[in-house]
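The values are calculated or read from the model by the stated rules, or taken from the named source; none is laboratory data. These figures come from a predicted structure and were not determined experimentally. Note that each Cβ is placed from the backbone with ideal geometry, even for glycine, and that neighbours are counted across all protein chains shown.
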Amino acid sequence: MDHLLSDTALEWRDRARDVGRNVILPNAWKYDRLQQYPWEIKQAMAEAGLMSVWIPKEYGGAGDGVLELCVVVEELSRYCGGAGVLFAVNALGSFPILLAGTDEQKQKYLPGIATGQTLIAFALSEKGAGSDVGGMACRAEKDGDGYVLNGVKKWNTNGPTADVNTVFAVTDPESRSRRISAFLLEKDFPGYKIGYIEDKMGIRCVPVGELELNDCRVPESALLGGKAGLGFKQAMLTLDHARPGVAAQAVGCAQGALDFALVYATRREQFGRPISSFQMIQQKLADMAIKVSSARALVYAAAMAVDRGDPSMTKYAAMCKCYGTDIAMEVTTDAVQIFGGYGYMRDYPVEKYMRDAKITQIYEGTNQIQRLVIARNMIKEATQFDYLTGYIPVPEELR
Ligand code: CAA
């Protein structure tokens, strides 16, 4: 599908491929077992310039967009889904700064993120507020010339290693639409503490933890964009930009599992023939390839919509996230099936793809929430089909 990409995007993919094949692939299973952050992989990504893809040129980045970001995420995830999110989560954490930060905040954080020196995370969810973002309880109260934050954020991907965290908290409990604000918190702010670190099924090389805020005092300059009450919309806009990256991670996992399954099917012999000669295996391989290619095309289309600021971007970002991650679960499960008994064993590579793929159906909005977002946007767009109403008899006319 290279013909869908610009030379720039293809160059980014080559760079990611280099890191993927030389550094990620030989180490992915080691870090999965150890559940340890792979600093050498992050270093290789930074040295290849990958952390700069989505950062504007004026802040030390390459000035490319969500499409190029997705191309890189997909290629890295082809070798390890954990490595894919280790990279992509820095885009998720920094999109709020890019989209809504003051110039001072951009100058302060973006150049470090572009070189890979600064790691960032995105703290939105809480124990009682996963899908229901508006129901969060973490408080930020105005205090003199700053704010004091209290509460616990949950499932903070990359949080335990991050230098900066984009944290959402309630500043106006009485308001419905302006209840939440976003803050840029640095790890050495007083009252900022990494809490429980999760033991996970997949993406085990990236730490996911709780963030405990105990009277965490922050200066006014930490308030994102210098304005309170805009946090919910800033979070939604961020997710519109980041969800294609989750879809790309899922497509990468699916492609990686398909690559392994294809090679295995041509090598593994049963009944005196390679199993790739059996039609049931051929059908599975073909269906896997159709799913991966169609999901990839949808990721590209959604990423382009986001880069253009197209009004349909929310819908397409949700569509590619939903479809890409659902097919990733199917394709990685089919890869395990093709490997048979060996596929279920940790000594073989494919069960990890299945474990890594599962989270993509859950984080950055469950696929149930994506379907809700898609349907809500379709219903809003229904007026463009008013020309059809004359062709639909109203029930009274039918009596
Ligand atoms: N862009 C801009 N504004 C938006 C928006 C968007 N995409 N979506 C909604 N809004 C606006 C609405 O227009 C509305 O504005 P008004 O009040 O002015 O009318 C306001 O925001 C509230 O919108 P809703 O009424 O639709 O809000 P809701 O409470 O019904 O929630 C939801 C909507 C889609 C369910 C939302 O809560 C949601 O996306 N939930 C999923 C959360 C999620 O993705 N969490 C993932 C956590 S991050 C993570 O996983 C990171 C990680 O670890 C890797």
One residue is enough: does region 369-377 have a residue meeting the conditions away from the ligand (no atom under 16 Å from the Cβ) and either under 30 Å from D199 (Cα atoms) or in a helix (DSSP H, G or I) (or both)? no
Residues that are within 12 Å of the ligand (Cβ to nearest atom) and of a type in the set (A, V, I, L, M, F, W, C), drawn from region 168-202: F168, I180
Restricting attention to region 270-299, the residues that are in contact (Cβ under 8 Å) with a residue 60 or more places away in the chain and under 20 Å from G341 (Cα atoms) number exactly 1
May I ask you to say which residue of V246, V299, V306, V263 is surrounded by 22 or more Cβ atoms within 10 Å (Cβ to Cβ), more than 16 Å from the ligand (Cβ to nearest atom) and in the same structural domain as V373 (by TED's automatic domain parsing)? V299
Kindly indicate which of D310, D259 is among the acidic types (D, E), outside any helix (DSSP H, G or I) and under 29 Å from the mean Cα position of the chain (by Cα). D310
Might you let me know whether region 145-167 holds any residue that is among the charged types (D, E, K, R) and under 24 Å from D32 (Cα atoms)? yes
Does V251 fit the bill of being crowded, with 18+ Cβ neighbours inside 10 Å, within 16 Å of the ligand (Cβ to nearest atom) and touching a residue at least 12 places away in the same chain (Cβ under 8 Å)? no
Condition check: on the phi > 0 side of the Ramachandran plot and either away from the ligand (no atom under 13 Å from the Cβ) or not aliphatic (A, V, I, L, M) (or both). Does G365 satisfy that? yes
Checked region 327-366 for anything under 17 Å from the mean Cα position of the chain (by Cα) and either surrounded by fewer than 18 Cβ atoms within 10 Å (Cβ to Cβ) or over 29 Å from N156 (Cβ atoms) (or both); matches are I362, T366
Members of region 96-114 found to be out of contact with any Phe, Trp or Tyr (no Cβ under 8 Å at 6 or more places or on another chain) and closer than 16 Å to M236 by Cβ, listed by number: L99, A100
